Amino acid sequence: MTPPAEKRTVDMQIIADWVEPHTRVLDLGCGRGELLDYLIQSKQVSALGVDLDFEKISACVRRGVPAYQGDMIACMAAFPARHFDRVICSRTVQELTAPATVIAEALRVARSVTVGFVNHAFWKNRLDLLTRGRKAQNAVYTTTWAESRPANPVSVADFEDFCATQNIRITRRVHLDGDWKYPCTMLPNLLAGYALYDLTK
């Protein structure tokens, strides 16, 4: 197993703690398969990753991680309700053009859905915009504007309001500080750099 990158260690461990051994897991936007590789090794899950990027899918295959190149909605449509024990959408939701549709379909095909995202309302992001009038670039958003991928940034407050309006139950949540290593125990919409949620219908 490839060791997880240092910045991924904490959130990967939290997700692994939530995943039951020997369960069926679907990872939406699986990237190069680091998370699924970790779960296969640590929890012996039956795993499938989905990503649009051919090079990332190729990297999954080289790791021995089963993966499908294509649209995540089309992939999920091929499975019956509750086929998976868990769908994971980690560091992906902010890049989706229709996040509500993806989350609804994920809740159809799985008993629970784990969502993790960078908190756009993190105080340093706000400060950068206020004082510099430019895209935030800090420990949470590390890239310049031209290198950035998130097209639909989300905050802790946005996401929790979405869950409330859609009658989605939040069964667990963890907020991490800006360094993504330690728990954020107060004012998460302002002080958390990263957020993880476990959802059910």
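Is the shape of segment 34-113 best called rounded, prolate or oblate, per the rule: a/c under 1.5 gives rounded, else a/b larger than b/c gives prolate, else oblate, with a ≥ b ≥ c the square roots of the Cα gyration tensor eigenvalues? The shape class here is oblate. Close amide-amide hydrogen proximity is noted between Ala67 and Gly49, each under 5 Å apart and 5 or more residues distant or on a separate chain (H modeled in the peptide plane; Pro and chain starts excluded).
At an R0 of 35 angstrom, the distance between the Cβ atoms of Arg82 and Phe54 translates into a FRET efficiency of 0.70. Taking amide hydrogens as placed 1.01 Å from N in the peptide plane, the amide H of Thr92 sits under 5 Å from those of Gly116, each at least 5 positions away in sequence or on another chain. Centroid-to-centroid, using Cα positions, segment 152-201 and segment 82-120 are 13 Å apart. Pairwise alpha-carbon distances in segment 146-201 exceed 15 Å for 54% of all pairs. With both labels modelled 7 Å from their Cα along Cα-to-Cβ, the Ala146 to His22 distance reads 5.3 nm. By definition, a body whose alpha carbon gyration tensor gives a ≥ b ≥ c is prolate when a/c is 1.5 or more and a/b is larger than b/c, and the chain fits this prolate description. Restricting segment 50-83 to trypsin sites (Lys or Arg not before Pro) that sit in a DSSP loop and have at most 14 other Cβ atoms within 10 Å of their own Cβ leaves Arg82.
Among Tyr141, Tyr182, Tyr68, the residue with the largest mean-square fluctuation in a Gaussian network model of the chain, with springs joining Cα atoms closer than 10 Å, is Tyr182. Taking 0.36 nm per residue of separation and subtracting the current Cα-Cα distance, fully stretching the chain between Lys201 and Thr131 would add 21.1 nm.
Hey, which lysines would be in cross-link range of Lys135, C-alpha to C-alpha under 20 Å, not counting anything within fewer than 8 residues on its own chain? Partners within reach: Lys124. At full extension, Asp161 and Ala104 could sit 19.0 nm farther apart than now, given 0.36 nm per residue minus the alpha carbon distance.
Just so you know, all these numbers are worked out from the coordinates, no wet-lab data involved. Remember, it's a predicted structure, so these values are computed and weren't measured experimentally. All Cβ positions, even for glycine, are placed from backbone atoms using ideal geometry, and neighbour counts span all protein chains on display.
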